[in-house]
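Okay, so here's the structure we're looking at.
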Amino acid sequence: MSVAPIRSWTSASARLTAISFCALALSACKTTVLDPQGPIGAAEKSILIDSLAIMLAIVAPTIVAIFAFAWWFRASNSKARHLPAWAYSGQIELVVWAIPSLVVMLLGGVIWIGSHELDPAEPIKSSQPALEVQVVSLDWKWLFIYPGQHVATVNTLTIPTGVPVHFSLTSASVMNAFFIPQMGSMIYTMNGMTTRLYLQADTAGVFHGLSSHFSGDGFSDMNFEVHAVSPAEFVNWARATAQADATVDAQSYSELAKQSSKIAPASFRLGDPNLFQSIATQKIPPSPGPRAETPQQRGVQAGGDDVR
């Protein structure tokens, strides 16, 4: 055998290994679902690990068996028993079908139980009443409304630790997805509909929130910070925010709903307690959504005549 192919294969393997280690190192630069900070995130991490363990129970022995068979049935092994005329073995068929069947049943059980216990709309058992937060996905920013505190925020979310949070979510234009990896349970937002989600933060800190569904040019900057604070700090924050100079109502919302990206976090007094309901029921008309327009198309819309 030529030495060149061996060297080429070794070099390619070394590069692939280096890339894998770099990717693993970079993955630790941001917090992930494997570092949960609440009961929902912790339960979802458990499902991921359990599913991985169940699959490895068949994958790992299979990989080992491949190398074992290759070594034992090598051409130089005179002890290996060759059966060129072999056609059927009931014992082998039993093993081949039984092991995958058990894996499917175990994975199915984990998924079935998890799907019911982690239903996004299922309230989290707690002695504390849930905090109501209404969420609107805009192009390309997030609006959070606190109806009980009469405040609203953009691109920043503040919640108390140890308290379930009941999110009601809708979209001002196109479909989007609300996701806080360390707290768990991504859920979609859709115009004209309301989805519901319960989450809870057990520890204080600042967590990363994002849009996990592509929605146009500003999608990559559609992030927000989640500030989990003590209940006492949350009360003080709500009182201070209620004194903000800016107010969000139907009129100011129309300006906020215009397409924009990289918007700095902002806080508002809630001027219209029914703002979320008006958006979700389309009493306030939905935004047109992301679209690419040519100068000619903009001229048609502005002047009414075909510009060519």
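Scanning the stretch 178-195 for residues that are out of contact with any strand residue (DSSP E or B) (no Cβ under 6 Å at 6 or more places or on another chain) and within 24 Å of SER287 (Cβ to Cβ) gives GLY192, MET193.
Residue-by-condition table, conditions (1) surrounded by fewer than 17 Cβ atoms within 10 Å (Cβ to Cβ); (2) touching a helix residue (DSSP H, G or I) at 6+ places or on another chain (Cβ under 6 Å); (3) β-branched (Val, Ile, Thr):
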| position | (1), (2), (3) |
| --- | --- |
| ILE58 | yes, yes, yes |
| SER78 | yes, no, no |
| GLY90 | yes, no, no |
| LEU94 | yes, no, no |
| ILE111 | yes, no, yes |
| ILE124 | yes, no, yes |
| PRO147 | no, no, no |
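This table checks each residue for (1) farther than 24 Å from MET183 by Cβ; (2) of a type in the set (Ser, Thr, Tyr); (3) out of contact with any Asp or Glu (no Cβ under 9 Å at 6 or more places or on another chain).
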{"residue": "SER215", "(1), (2), (3)": "no, yes, no"}
{"residue": "ASN223", "(1), (2), (3)": "no, no, yes"}
{"residue": "THR241", "(1), (2), (3)": "no, yes, yes"}
{"residue": "GLU255", "(1), (2), (3)": "yes, no, yes"}
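Any residue at all in the stretch 21-41 that's in contact with a strand residue (DSSP E or B) (Cβ under 9 Å, 6 or more places away or on another chain) and either of a type in the set (Phe, Trp, Tyr) or modelled with pLDDT under 65 (or both)? Yes: the stretch 21-41 contains one or more residues that are in contact with a strand residue (DSSP E or B) (Cβ under 9 Å, 6 or more places away or on another chain) and either of a type in the set (Phe, Trp, Tyr) or modelled with pLDDT under 65 (or both). For the stretch 195-205, name all the residues that are farther than 17 Å from SER126 by Cβ, surrounded by fewer than 17 Cβ atoms within 10 Å (Cβ to Cβ) and within 18 Å of the chain's Cα centre (by Cα). Answer for the stretch 195-205, where residues must be farther than 17 Å from SER126 by Cβ, surrounded by fewer than 17 Cβ atoms within 10 Å (Cβ to Cβ) and within 18 Å of the chain's Cα centre (by Cα): there is none.
Checking the stated criteria, PRO181 turns out not to satisfy the condition of being at pLDDT 95 or above and either more than 27 Å from HIS116 (Cβ to Cβ) or not aromatic (Phe, Trp, Tyr) (or both).
The values are calculated or read from the model by the stated rules, or taken from the named source; none is laboratory data. Here the structure is a predicted model, which is why all the values come from computation and not from measurement. Ideal geometry is used to build each Cβ from the backbone, glycine not excepted, and the neighbour counts take in all protein chains shown.
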